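Engineer: Can you keep this structure in mind? I'll have questions shortly.
The values are calculated or read from the model by the stated rules, or taken from the named source; none is laboratory data. The shown structure was predicted, so the numbers you read here are calculated from the model rather than taken from an experiment. Cβ atoms come from the backbone with ideal geometry, glycine included; neighbour counts cover every protein chain shown.
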C-alpha cells in the first residue's frame, strides 16, 4: 500500500469516527487499518493521531493531512470520471445505495434490465435505511425520500410521492367510516417515528385553502414503513401512508382510502443524489433508466391506486 492509499484510509477513519467503522466499510480487520496508519506516520515522520484505547483525536499535523487527503480524493475521483467519460459504452463498477423498500421494489427491476443491456457494468447495491455518507463511502448514486440537507451534494427530483389515509375493512367495521378530519382524533393510528422525528399530526388544507394540522392518537410507532403497513392491514389502526409504499392492497380490497375529499399536503418526493455534476456514462444511463421505469409524469406506484388523480 502506498502513501496515497494510506492517506485515504486515514480520511475514512476520521470521517467514520472510529477504526472499527472504517474497517467494516472496507471489510478488513481493524488491526490492518491501525498498522497502515502507523506506517503512514513513520513515512511522514510526524504523529497524526493521538490514540487512547477507546478513541482518537487529530494532532495539528493530522488535521492538515486530512485537508490534503480530502483534496486528493476529489482529484482522483475527478480524474477517473474524466477518463470514464471517454468510453463509448457503459462499463466498470456502479455503487448504489437506497432504503430497503426502494431498492427491492423499484431499483432491482431496473438493475436486472440494465445489466442485460450493459453486461460490462458491475453493480453494487447497498440497502440501508440509515443515511449513508455517499462521498466518504464512495457511492455513485443514492435514492432517497426527501431532498438532502447536505448542500455539497447534487439532488434531482425523480418522482412525486403523495400521501393517502388508509385503513383495512375490519377497522371500518369496528370504528365506522370517518367523515371529517376531527373524527380521526380519537381513532387508533399507526405512525412513523425514529430517533430524530416523530409524526404526531396530519397536515392538510381546509376548504379555505389554509394549512391545518389534525393531531392523531398514535398507538403504534415504528421506523419502518412496511411494519406500519402490516399494522394497518391487521385492522387495528389507520395510517397516513406514502404512495410509494403501496402495491396492490387497495385493488385487492385489503385497504380502503379514507377522507379522499381532503387535500393532504404532499410527502417528500423521491430524489436521486450524487456527489458530482459530471456523471460517468454508466451512472448517467442508470439514472435515466430509473427515471424511465418510475414514470416521468405519473409515478409507477400511483397505477395501483384507482382514481388517485381525483383524491386528496
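Engineer: Here's a check for you: in region 190-208, which residue that is touching a residue at least 40 places away in the same chain (Cβ under 8 Å) and closer than 17 Å to residue 260 by Cα is surrounded by the fewest Cβ atoms within 10 Å (Cβ to Cβ)?
Structural biologist: 205
Engineer: Same structure, new question: I want to confirm something. Restricting to region 1-18 and keeping residues that are surrounded by fewer than 20 Cβ atoms within 10 Å (Cβ to Cβ) and within 17 Å of residue 50 (Cβ to Cβ), which single residue is farthest from the chain's Cα centre (by Cα)?
Structural biologist: 18
Engineer: How many residues does region 39-56 hold that are surrounded by fewer than 11 Cβ atoms within 10 Å (Cβ to Cβ) and either modelled with pLDDT of 90 or more or more than 13 Å from residue 19 (Cβ to Cβ) (or both)?
Structural biologist: Final tally of qualifying residues: 2.
Engineer: Okay, next question. Taking the conditions exactly as written (in contact with a strand residue (DSSP E or B) (Cβ under 9 Å, 6 or more places away or on another chain), outside any helix (DSSP H, G or I) and at pLDDT 90 or above), does residue 102 satisfy them or not?
Structural biologist: No.
Engineer: If I go through region 268-303 residue by residue, how many of them are under 12 Å from residue 159 (Cα atoms), out of contact with any strand residue (DSSP E or B) (no Cβ under 6 Å at 6 or more places or on another chain) and in a helix (DSSP H, G or I)?
Structural biologist: So the count comes out to 6.
Engineer: Then there's this: Can you name the residue in region 121-141 that is within 17 Å of residue 285 (Cβ to Cβ) and either in contact with a helix residue (DSSP H, G or I) (Cβ under 9 Å, 6 or more places away or on another chain) or modelled with pLDDT of 95 or more (or both) and is also surrounded by the most Cβ atoms within 10 Å (Cβ to Cβ) among such residues?
Structural biologist: Checking each candidate, the answer is 140.
Engineer: Inspect region 232-240 for any residue being surrounded by fewer than 14 Cβ atoms within 10 Å (Cβ to Cβ) and closer than 25 Å to residue 173 by Cβ and give the result as yes or no.
Structural biologist: yes
Engineer: Also, quick follow-up: Say whether the condition of being closer than 21 Å to residue 312 by Cα and touching a strand residue (DSSP E or B) at 6+ places or on another chain (Cβ under 8 Å) is met by at least one residue in region 108-126.
Structural biologist: no
Engineer: Would you be able to tell me the number of residues in region 214-233 that are in contact with a strand residue (DSSP E or B) (Cβ under 8 Å, 6 or more places away or on another chain) and either over 24 Å from residue 246 (Cβ atoms) or part of a loop (DSSP other than H, G, I, E, B) (or both)?
Structural biologist: Total satisfying the criteria: 3.
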